[in-house]
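Here's the structure we're looking at; comments come further down.
The values are calculated or read from the model by the stated rules, or taken from the named source; none is laboratory data. What you are looking at is a predicted structure, and each value in this text was computed from that prediction instead of being measured. Neighbour counts are summed over all protein chains in view; Cβ atoms, including those assigned to glycine, are modelled from backbone coordinates with ideal geometry. When the accessible area is computed, the model is the full protein with side chains, heavy atoms only, and any ligands, DNA or RNA have been set aside. Shrake-Rupley method; radii C 1.70, N 1.55, O 1.52, S 1.80 Å.
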Amino acid sequence: MIEEAFTRLYPDREFDFNARIKYTDRFNAYGANVKLRGDNLEFGLSKSWRTISREIRMGLLQELMLKLWKRRSKKDLDTTYIDLYNSFVKNLHIAIPKTKSDPLLSESFDRINERYFLGFVEKPNLVWGMPSKSSLGSYDYKTDTIRISRVFEKLAGKDPALLDLVMYHEMLHKAHKFKHNGGNNRYHDRKFRTAEKAFEDYDEVDMRLKKALRSRGLKSLLFG
Ligand SMILES: [Zn+2]
């Protein structure tokens, strides 16, 4: 299946890898990744993929291959399977029951999910938190809820990246099951910080965030 996915995507390239798929419990539902070491090509798929059709899984493998070898122009690619995969993932999101949401938070979540998580993070409840509370955002495992300070309702109109950065931070807690306990810094270990800095222009956006909070007298607000 891997070779077929590869050859359909890159008809001009030779397939010379030791390739395999490993189904694991390591991911959230429908999570996946790919690693290439030397000529060992390993796809890690969450077990939830096992029962999904071969065509959609081929699309998933191709999507991961495009990540690995960077995207050429999609014009000259056969994207049949990728398209199948994408509509599957989209429908998955629709199927997840959401009892609490908000358009502004939802849009931010979708942007970050597409961009940094391949669309794999299941949408949690998304709610605004009181500005008086001491955190910019938080993630609660038990209720699967991301709570973002209402401060961002206004800030996001001027600079959406500020909201996106906080959303990204909370999504890291959810996606990678980083331990978390209401803003206690020891849960933001080095691994977490490294992942956090993958946010585009992290330093610059973080600076703009601090500045915006300072100018509103909110500099005591911390990441939860
Ligand atoms: Zn945190």
Would you mind finding the one in Phe88, Phe109 that is in the same structural domain as Lys158 (by TED's automatic domain parsing), modelled with pLDDT of 80 or more and part of a helix (DSSP H, G or I)?
Phe109
Output for region 29-44, where each listed residue is open to solvent by less than 10 Å² (accessible area, probe 1.4 Å) and at pLDDT 95 or above:
Leu41, Phe43, Gly44
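Go over the candidates Glu200, Glu204 one by one and state the one that is more than 10 Å from the ligand (Cβ to nearest atom), assigned to a loop (DSSP other than H, G, I, E, B) and at pLDDT 95 or above.
Numbers: Glu204 fails: assigned to a loop (DSSP other than H, G, I, E, B).
Glu200 is the lone residue from the list that is more than 10 Å from the ligand (Cβ to nearest atom), assigned to a loop (DSSP other than H, G, I, E, B) and at pLDDT 95 or above.
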So which residues in region 177-197 are loosely packed, with under 11 Cβ neighbours inside 10 Å, modelled with pLDDT under 90 and among the polar types (S, T, N, Q)?
Asn181, Asn185
What pairs come up if the first residue lies in region 153-177 and is closer than 14 Å to Val121 by Cβ and of a type in the set (Ser, Thr, Tyr), the second is open to solvent by less than 10 Å² (accessible area, probe 1.4 Å) and within 16 Å of the ligand (Cβ to nearest atom), and their beta carbons are under 7 Å apart, counting only those six or more places apart or on different chains?
Tyr168/Ile112
